[in-house]
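Asks: This structure is in structure tokens; I'll ask about it shortly.
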Amino acid sequence: MEKEVLDFVREKSRELIASPTCCGEAKSAAQAWLDAVGTDREAGETQKYIAELEADIMPIDKLIEFAGSDAGIRCFGSEKASNIVAHAQEIKAAGAKYCDCPACSLAEAILKKRDLLR
């Protein structure tokens, strides 16, 4: 793996771990990957990390669907859910494929490098 790619993914992984919108599983996968870099566990942890990011990143249509649902309203509250739906529809119209919260934005940036990590 190129040093530039490795440095980029390390930086984004640290940011992901610090992100308030990142789930525990993704934080654990990021830390396990960081701990494995340069060891014989790196390839396996890379695969696990990529799989976790792929599972966790929120497609924009699913965000709109969830935030607009009864479950989304219970989770966020009516006003915030409505604001999330409006924002998500706006960024979707501008071409977004995923949620733009900090964790999803970082996951997307890392996943854009996935072919260079393998």
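The values are calculated or read from the model by the stated rules, or taken from the named source; none is laboratory data. Predicted, not measured: the structure shown is a model, and the values here were computed from it. All Cβ positions, glycine included, derive from the backbone under ideal geometry; neighbour counts span all protein chains shown. Each accessible area value is taken on the protein alone, full model and side chains, heavy atoms only, with ligands, DNA and RNA left out. Shrake-Rupley method; radii C 1.70, N 1.55, O 1.52, S 1.80 Å.
Asks: Going by what's in this entry, would Lys62 be described as closer than 22 Å to Glu90 by Cα and basic (Lys, Arg)? Break it down stepwise before answering.
Replies: Values: closer than 22 Å to Glu90 by Cα: yes; basic (Lys, Arg): yes.
Yes: the conditions hold for Lys62.
Asks: Write out, first by first residue and then by second, each pair whose Cβ atoms fall under 9 Å of each other, whose residues are 6+ apart or on separate chains, and whose first residue, in the range 80-108, is among the acidic types (Asp, Glu) while the second is modelled with pLDDT under 95.
Replies: Qualifying pairs under 9 Å: none.
Asks: Taking only the range 2-50 into account, find how many residues are farther than 14 Å from Ser105 by Cβ, open to solvent by 50 Å² or more (accessible area, probe 1.4 Å), small (Gly, Ala, Ser) and assigned to a helix (DSSP H, G or I).
Replies: Residues meeting the conditions: 2.
Asks: Looking at Thr21, Thr46, can you tell me which residue is over 27 Å from His87 (Cα atoms) and of a type in the set (Val, Ile, Thr)? Steps first, answer last, please.
Replies: Numbers: Thr21 fails: over 27 Å from His87 (Cα atoms).
Answer to the selection: Thr46.
Asks: How many of the residues making up the range 7-22 are more than 17 Å from Asp100 (Cβ to Cβ) and in contact (Cβ under 8 Å) with a residue 12 or more places away in the chain?
Replies: Looking only at that region, the number is 6.
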